[in-house]
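Before any comments, here is the structure.
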Amino acid sequence: MNPLSHSILQDRPAAGRRLVEPLLPYANRSDVIVLALPRGGVPVAYEVATALKVRLDLMLVRKLGVPSHPEYAMGAIASGGIQIRNEEALRVHPIAKAAFDAVVERESRELLRREQVYRGTRPAVQLKDQVVILIDDGLATGASMRAAIQALRAQAPSRIVVAVPVAPIETVEALRSEVDELICPLMPEWFTSIGHWYMDFSQTSDTEVIELLQRGWQRGECG
């Protein structure tokens, strides 16, 4: 039997439920909002927002994958023109500026598409003076979360909390100084990918994202 089997996450909703207890101080507060990084962060964030009875919304971020290794982030972009470069990744996998710019352009189109598909005509949420909990299904390099933090900071929230189910220790330590609080229940010393720590890491669809957001928004408006 795998000695770490007790630490492996069943799926994204189960991972979200593991984040609830450490986030209980934020429950039932009108100044708290949970922002999910789509797509995989949405099922995790939905469980948290529902359990804490706080608002749910999106933080749109796109990883910039190295062309030869798309899962390896050479940076990230976020709404509002935020762009982060992972200089270490670019040293390991140097690419021409034109190739980098082509990835940025492609991912910018996808960011806009998701904004239109997921939000529709719903206005962006106002985050000034709010306690914001940023949630994803895990961190690897942390590039996408770093872009999200930078985009969020420009909107002057009162507090930034990052909550993820799993991440490598070095990524957590590197990000901890950039936010007010960072919660991560599972920090394996040996880390290959986020999916390795899930029993079910099947891709989250646009349909699932939209359905969970609509449910979350309806719940917020009802209560």
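DSSP bridge analysis restricted to segment 5-222 gives an antiparallel fraction near 35%, rounded to the nearest 5.
Could you compute how fast the chain diffuses translationally, taking Rh as the Kirkwood radius over C-alpha pairs and applying Stokes-Einstein at 37 °C with viscosity 0.692 mPa s? Give it in µm² per second. It comes out at roughly 186 µm²/s. Taken about its Cα centre, the chain carries a charge dipole of roughly 520 debye when the Cβ of each Lys and Arg holds +1 and the Cβ of each Asp and Glu holds -1.
Near SER205: Cβ cut-off under 11 Å, other residues only, Lys/Arg at +1 and Asp/Glu at -1. The net charge is -2. Considering only VAL54, ILE84, ILE95, and ranking their Cα positions along the charge dipole of segment 44-149 that arises from unit charges at the beta-carbon of Lys, Arg, Asp and Glu, the one farthest toward the positive end is VAL54. Normalised by residue number, the volume inside the convex hull of the Cα atoms of segment 129-181 is 64 Å³ per residue.
Ordering GLN10, LEU111, GLY138 by the projection of their Cα atoms onto the charge dipole of segment 5-222, which places +1 on the Cβ of Lys and Arg and -1 on the Cβ of Asp and Glu, puts LEU111 at the extreme positive end. Summary of packing: across the peptides 12-24, 186-198, the per-residue average of other C-beta atoms within 10 Å ranks them, highest first, as 12-24, 186-198. Each Lys or Arg adds one and each Asp or Glu takes one away; over the other residues whose Cβ falls under 10 Å from the Cβ of GLU47, this sums to +3. Of all lysines in the structure, those lying under 21 Å Cα to Cα from LYS128, and not within fewer than 8 positions of it along the same chain, are LYS53. Working from Cα pairs under 8 Å separated by at least six residues, relative contact order for segment 5-222 is 26 percent.
Read-outs throughout are calculated quantities, based only on the coordinates presented, and are distinct from any laboratory measurement. Here the structure is a predicted model, which means the values were calculated and not measured. For neighbour counting, all protein chains shown are included, and Cβ atoms are generated from backbone atoms with ideal geometry for every residue, glycine included.
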